[in-house]
There are 2 protein chains.
Amino acid sequence: MRKIGYLGPEGTFCQEAYYRLNEETLWGKGVIYPTIHNIIKGVAVGEIEEGIVPIENSIEGSVNLTIDLLIHQYDLKIKREIIIPIRHHLMTKGKKQPESLKIIISHPQAAFQCRRYLEEKIPHARFREASSTAQAAFIVANRQGPIGAIAGERAAIVYNLEIIEKDIQMVENNYTRFIVVAKEDNGIITGNDKTSIVFSVDNKPGCLYRVLQEFAERGLNLTKIESRPSRRTLGEYIFWVDVDGHREERKIKDAIESIKGKSQILKVMGSYPVDLSFK
Amino acid sequence: MRKIGYLGPEGTFCQEAYYRLNEETLWGKGVIYPTIHNIIKGVAVGEIEEGIVPIENSIEGSVNLTIDLLIHQYDLKIKREIIIPIRHHLMTKGKKQPESLKIIISHPQAAFQCRRYLEEKIPHARFREASSTAQAAFIVANRQGPIGAIAGERAAIVYNLEIIEKDIQMVENNYTRFIVVAKEDNGIITGNDKTSIVFSVDNKPGCLYRVLQEFAERGLNLTKIESRPSRRTLGEYIFWVDVDGHREERKIKDAIESIKGKSQILKVMGSYPVDLSFK
């Protein structure tokens, strides 16, 4: 049984991604890790075969920590993507009235996304910060009193809390994209794949343009492009792009070959099936 | 006298940027703000004429908060850039031996950048987190005992601390780039200018490429490119680019004109003189 690491505690959206992955692949055993770095390191040293980490959110953007670790520090591949809708609910231990709550506990980002609801419905409640929405639910499950957590459905299930108000976030289209990192990518062409590629660009006119040209001229669609500092000097970047297609397909193969001559750093992070549950 | 907002407390690298700006322009009055958002809002509502905010660091990358506020929430311009080298020193109240310190206080990022020094020289000291390096220096200045702060030179001056070990960071090339936001950019061509431009790109093959083409074909150099989520759906981006040249110069003018037809959103964030103190 292969071991799959994900971000704890139980009830996180990352655990949700783990359940989705396991439903599809059927034979994993989950291992909880406290940080993104621990998961990636866990895969690198062979403690676990696969690790699930967040890479971007539709509101907050890329998770720079994940990207920087994979670019600069570890030599791992991506074998799958899992896109999870982020929906926040208000939950309590046993049924309570939202207006009766005196303390709301959550991750600050989740609370911020629910600020309109909180201002309108529970303006007098105090806010307490937790390190994750799942952690907030855990605390509420273990305490008495007029206290509620903002967290996802999985957290309510895991900690046996009552959802007293559903979907209190004010943002729409809130998705987090997780990737599964491993020593190998998904070598098989499924016909609906994505390839992640990292390359450096010199600080000269048109350098990025000439790399992107290799994709554009072949009609290849980029679904993600992200710049990160090279860490050598200001204004020098490493780019992360996701392109539709598999690295074993002709067009992608040719594009990668051509970029080799134009870029000092080139790292194919892997090809993997597109998450078709999204959109 | 025009009022210039910057990030407090006194002794921050942002205050350092304020002194540099004021040295050059001679007639500002500093106003301390607690957050980036407060500064930007302060300029927007007219509390202050100019605000200094960090936009990127050579190690950590872009300051997404600054970029997102300027893209999505406020309609301000950039009138200057100021690049400050980030150097961390160990400082105490009165001269003390580094080995004698039991508590080190700093911003977690600064401590992380100095971890090698801390591990080798003061392995038994406990770490306490402060919200900024300047805040750490403030705390050390107001307490007795074997406690030291990691902060910049400005903090040592402001809080009258003794620098007992200089340059303890392990990273080189650590710079933070600040921008001065105002209602107007710098309209005057100095001959060594930069222009910041924000544009959206459709999620179709080659869209970004066709925008970058407008710069590349005119030999215009991009010194920064950063993608941010459009906040509408995953895989749809807004780009921030900095290009060498002034918006009143022919090539830049033409490029902007051409991009207008290719992009749903186009926002010229302003032209301003390049910080020549850097490199």
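A few remarks follow.
- Output for segment A:41-66, where each listed residue is surrounded by fewer than 22 Cβ atoms within 10 Å (Cβ to Cβ) and in a helix (DSSP H, G or I): A:Lys41, A:Gly42, A:Ala44, A:Asn64, A:Leu65, A:Thr66
- Residue-level check: of (1) surrounded by fewer than 18 Cβ atoms within 10 Å (Cβ to Cβ); (2) part of a strand (DSSP E or B); (3) touching a Pro at 6+ places or on another chain (Cβ under 8 Å), A:Ile238 misses just (1).
- Being touching a Leu at 6+ places or on another chain (Cβ under 6 Å) and assigned to a loop (DSSP other than H, G, I, E, B) is a property that does not hold for B:Ile164.
- Qualifying residue in segment A:42-58 (condition: in contact with an Asp or Glu (Cβ under 9 Å, 6 or more places away or on another chain) and modelled with pLDDT under 95): yes
- Selection status of A:Val211, facing chain B (nearest Cβ under 10 Å), aliphatic (A, V, I, L, M), in a strand (DSSP E or B) and buried (at least 22 other Cβ atoms within 10 Å of the Cβ): no
- Entry remark, segment B:169-194: residues being surrounded by 22 or more Cβ atoms within 10 Å (Cβ to Cβ), of a type in the set (A, V, I, L, M, F, W, C) and away from every other protein chain (no Cβ under 14 Å) number 2 in total.
Every residue, every condition in (1) within 18 Å of A:Gly61 (Cβ to Cβ); (2) within 11 Å of chain A (Cβ to nearest Cβ); (3) among the polar types (S, T, N, Q), yes or no:
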{"residue": "B:Arg231", "(1), (2), (3)": "yes, yes, no"}
{"residue": "B:Asp242", "(1), (2), (3)": "no, yes, no"}
{"residue": "B:His246", "(1), (2), (3)": "no, no, no"}
{"residue": "B:Glu249", "(1), (2), (3)": "no, no, no"}
{"residue": "B:Ser258", "(1), (2), (3)": "no, no, yes"}
{"residue": "B:Ile265", "(1), (2), (3)": "yes, no, no"}
{"residue": "B:Val274", "(1), (2), (3)": "no, yes, no"}
{"residue": "B:Phe278", "(1), (2), (3)": "no, yes, no"}
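- Candidates in segment A:90-116 are the residues that are buried (at least 17 other Cβ atoms within 10 Å of the Cβ) and among the hydroxyl-bearing types (Ser, Thr, Tyr); of these, the one that is farthest from A:Arg128 (Cα to Cα) is A:Thr92.
- Residue in segment A:71-78 that is modelled with pLDDT of 95 or more and under 13 Å from the mean Cα position of the chain (by Cα) present: yes
- From the list B:His37, B:His72, B:His124, the one residue that fits, being out of contact with any Phe, Trp or Tyr (no Cβ under 6 Å at 6 or more places or on another chain), outside the structural domain of B:Asn192 (by TED's automatic domain parsing) and assigned to a loop (DSSP other than H, G, I, E, B), is B:His124.
The values are calculated or read from the model by the stated rules, or taken from the named source; none is laboratory data. Everything quoted here is computed from the prediction, not taken from an experiment. Because the Cβ atoms are built from the backbone with ideal geometry, glycine has one as well, and the counts that use them run over all protein chains shown.
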